[in-house]
1. With the requirement that a residue be in a strand (DSSP E or B), closer than 15 Å to B:ILE537 by Cβ and not hydrophobic (A, V, I, L, M, F, W, C), what does the range B:500-521 give you?
2. Do we find a residue being within 11 Å of another protein chain (Cβ to nearest Cβ) and under 19 Å from A:ASN146 (Cβ atoms) anywhere in the range A:220-230?
3. Looking at the range B:196-207, is at least one residue part of a loop (DSSP other than H, G, I, E, B) and of a type in the set (A, V, I, L, M)?
4. Answer yes or no as to whether B:GLY238 is over 20 Å from B:TYR511 (Cβ atoms), of a type in the set (Gly, Ala, Ser), touching a Phe, Trp or Tyr at 6+ places or on another chain (Cβ under 6 Å) and away from chain A (no Cβ under 12 Å).
5. Going by the structure shown, is A:LYS403 of a type outside the set (Phe, Trp, Tyr) and either surrounded by 21 or more Cβ atoms within 10 Å (Cβ to Cβ) or more than 27 Å from the chain's Cα centre (by Cα) (or both)?
6. Restricting the first residue to the range A:338-356 and requiring it to be touching a residue at least 24 places away in the same chain (Cβ under 8 Å) and within 13 Å of A:THR380 (Cβ to Cβ), which pairs with a second residue that is of a type outside the set (Val, Ile, Thr) and assigned to a helix (DSSP H, G or I) meet a Cβ separation below 6 Å and a spacing of at least six or different chains?
7. Mind listing whichever residues of the range B:188-209 are of a type outside the set (Asp, Glu) and either within 7 Å of chain A (Cβ to nearest Cβ) or crowded, with 22+ Cβ neighbours inside 10 Å (or both)?
Amino acid sequence: MNTHSNHLQQFSQGPLEKRLCRFIIAFLAIAAFCISTSLAATEPEITPGQQANSIIEKQLSVIAEEVLQDFPQDIQLAKFAAEFYNQCERPDAAVAALEQALKYNPESYELCNRIAKTSFANGSYDKAITYWRKALAISPEKLDLNNNIAETYMALGKYAEAVTQLEKIIKKEKGEVFPALDYSKSYFLLGQGYLQLRQYEKAKEYLEKALVITPEHRMGHYQLSKTYMRLKNPEKAKEHMELYTKQKAETAERKEAWAKKRKTAVINNTADADRKVFSRTLTRLSARGSRLYLVSGKSQSSQELFNKAETTFQKAIAIDAGQSVLYRQFALLYVMTNRKLDRAQGLAKKAVELEPSAQNYLMLGRIYYQNSDRANALITIEKAIALEPGNPLYRRTYNKIKKGADK
Amino acid sequence: MMKSGYLSKNSSLRYSMVAGLIFINTFLTVCANASISFTDVTKKTGITFKHSDGNSEKFHIMETVTAGLALFDYDNDGDTDIYFLNGAGLKGMKYETPPQNELYRNDGNFKFTNVTAESGLGDTGFGLGVAVADYDGDGDLDVYLNNYGPNVLYSNNGDGTFSDVTKKAGVGDGSNFGAGTCFLDIDNDGDLDLYVAKYVVFSYDKKATIVKGGFLAYPSPTAYVFPADSLYRNNGDGTFTDVSKESGIAKYRGTGMGVICADYDNDGDTDIFVANDSMENYLFQNDGTGKFEEVGLMAGTAYDFNGKPLGNMGVGCGDYNNDGLLDFYVTSYAVEWTTLYKNIGDGLFEDVTFATGSGEGTFNNPTWGTGFADFDNDGDRDIFVAGGHLQSNVEKFSDRMTYFVRNEIFMNTGDGKFVNITDKAGEGMKVKLSSRGIGLADMDNDGDIDVVVLNSRREPTILRNDTTGNNHWIKIRLKGVKSNRNGIGAHVKVVTKDLSQLDEVHSGRGYQSHHGLQLHFGLGEHKKIDRIEVKWIGGTVDVLEDIKADQVITITEGQNPIK
């Protein structure tokens, strides 16, 4: 894990609760500042939903940066961070996060595939091909990557290369019920490629094959209509164009009906949808990050790197303040080192507050005892025993305290 | 041994010669590629115009799409003047001095004088699109403004002043959200009708602001209802009739942006290409009587080659490969390429953007004004593309887009391909602003095409073409007699030995702009033109032979009938 950044060092001065408060206040201040700056000299036309999105996004940005710096090797983190960066139109940051993780995991199919997808979506077609080829080399059974590579060649205007890529792969079709490749897409791309290469008979052949597999392939009808026009068959062209426009209208109707059903304005739908996506990413990123910090903090504790462990637990709580295990483990660190026991008590209380589990009660009881509060220690451990009566450790600890044994 | 030695020596000589030829060829190619060059002369022009987008700070969508400009000879003195459109204060925003459109008279040698006040063209509406033509056939050029709010028709009084004749003409078009506009003759009756594109149905009550990366941002047009465009038929008496419904135009609702009118199918009548934002483009095919059928899907101009609708902005028209068919070039939104639609005959088009290299470098940022012009006079048409983001704060939420970007220039290599030569095309191409409409015309009458760029929220950019080389050229002015006065819609073919070029007179083009009533052809090394053929709207054909290059000629309809 890298050394923590200056701002977190600043936050690590003083009691934990105060530090957490500062952290949260800082977040809110940043968010409020940005919003107020954007709205300067204007009526606030931003909806509460949009405002909430803005705050979550800022929070995510800070967390993503921090955890990526501390755990550059973690694939899950890189994935979640990249998802976030993509959501807020920062494709270069997304690719950078994934490429960083790939350095540590050079055989990761998933990372290669994700880098390629992000690159493709943002017009870095050469890069997309490079990474899809890498992914295919790692997992040759992922035949669909051939479609992706061909599609990227098409986007680059390299129609002949796209066709070559696909012609090889469609030979593998054996009419399976659940094929390993979306042959409909392969045929569609082939048809499109041949259309661009002005080989209209071949284009027709493959587009028709695509439509046999997927008759509702809207763009298949569109491209086939174009092909028939070039083959000077306006009747067939019209037929497929009508199918295309019909399917297009049906899709539009479905979308409209869905929007009406939601009974909200388009813009609110967008804000709600954005918020859901951001919230999901925030949850995933925080959970993964805090877990990594927890594991790391425990490991540092066992190596007696107590100062480092302290910082690590602080970071864990800063990004995922709702997990009782983080408070309990942090409290344990102070118990092990027999210092800052007041703070340890506060942490253990918070753990119980978040999750009144036997483990958390036991930890709080032990700390009360270490802080010479025998009465509260006994009451608290009784609660742990009530929750898990069969656990001999709780009973032993209780008896030990009751007998007034040394701390 | 001797033989072998001789051969060896001979081979070395041969290799040296081949290497030398390769070097010379490479050198010449590099020189040729580097020849187009622009110099930014804005500061020396005396132009003080500064664009305003309404500046409401409330992220109203119209702020992003203003405005176009017009290059035309308002005072009939033989040079091209500049008319910049401007935004206006939007609801809740008051200016001490309200922004207005500004007209600059060309005094020669890239010096201009602001004549807005005396001309009466200082419109204070929210300017978007403009088209210029002699709609009343009185020999001078009139101006139509397609605004957000009421549109305005200014009639040229012939003395350097203009009068607002909107009410009389009946072309105010309600109070809509305008875009591109064009004069064209829809029914071949000799007078000019009017196409008026519309963008969205806007209302201050509908809050459509969005948040990107935590920052307020401008919305997409898809947040609004799409309007139908308008078409007005000229009654020949200074008035117009709204024929949107009977012409078939009103059946289609869309997010019209740039418009160009062109006879793409060479059937003698003028069709209409509407670049729509975030949806399919419309190609309205004229049946010759002013009735239109939308054929964009069938023709292949609705989408890109993938069948994906783009955020289309401006549209240019020209015969880039000199095959006698007019092609279209369309600019678009960010994370999209510009698109070159090659006309392959029979009313069909192919997206050849990648095959031709004509979109290289246009992906990251929105592109706007565009046009085909032969900047190096080598006999084929190059492409100019204006760029600039519409989100003024884009840097805050995007790591690869910027509000200010450079414009792009694509040199036609003569073999159906283009090379983006922006890096090598002079310091004028290094200007980074957020450009919108452009105009292409020979501003200093030296035989090459210069560029005028309107930049959102900023001063314009005036680019002088300083391309080196001894290529020849010709400029052609048309004077209609039976057909409209400016020859709008006429096809002009210029043939010089193996080089045959086609162009068409357009009123309104690119991104909400107007330029080019005077046609310009590069002739390469040819000092003489074998044949010029003009096909006027209405069917008259004039042919001129053995014409000297490097001059401006005026061709009057019917004076050089085909023999």
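The values are calculated or read from the model by the stated rules, or taken from the named source; none is laboratory data. Keep in mind that this is a model prediction, so the values were computed, not measured. Glycine also receives a Cβ, built like all others from the backbone with ideal geometry; neighbour counts cover every protein chain displayed.
1. Within the range B:500-521, B:ASP503, B:GLU504, B:SER507 qualify.
2. Yes, because at least one residue in the range A:220-230 is within 11 Å of another protein chain (Cβ to nearest Cβ) and under 19 Å from A:ASN146 (Cβ atoms).
3. For the range B:196-207, residues part of a loop (DSSP other than H, G, I, E, B) and of a type in the set (A, V, I, L, M): present.
4. No: the conditions fail for B:GLY238.
5. yes
6. Every condition considered, the pairs that remain are A:ALA351/A:SER324; A:ALA351/A:TYR327; A:ALA351/A:ARG328; A:ALA351/A:ASN360; A:VAL352/A:ASN360; A:VAL352/A:LEU364.
7. Within the range B:188-209, the subset of a type outside the set (Asp, Glu) is B:188, B:190, B:192, B:194-204, B:206-209.
Once the filter is applied, which keeps residues that are of a type outside the set (Asp, Glu) and either within 7 Å of chain A (Cβ to nearest Cβ) or crowded, with 22+ Cβ neighbours inside 10 Å (or both), the range B:188-209 yields B:LEU192, B:LEU194, B:TYR195, B:VAL196, B:ALA197, B:LYS198, B:TYR199, B:VAL200, B:LYS207, B:ALA208, B:THR209.
Here is a yes/no grid of residues against (1) touching a Ser or Thr at 6+ places or on another chain (Cβ under 6 Å); (2) surrounded by fewer than 23 Cβ atoms within 10 Å (Cβ to Cβ); (3) more than 14 Å from chain A (Cβ to nearest Cβ); (4) modelled with pLDDT under 95:
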site	(1), (2), (3), (4)
B:THR270	no, no, yes, no
B:PHE273	no, no, yes, no
B:ASP277	yes, no, yes, no
B:LEU283	yes, no, no, no
B:GLY290	yes, yes, yes, no
B:TYR303	no, yes, no, no
B:GLY316	yes, no, yes, no
B:GLY324	no, yes, yes, no
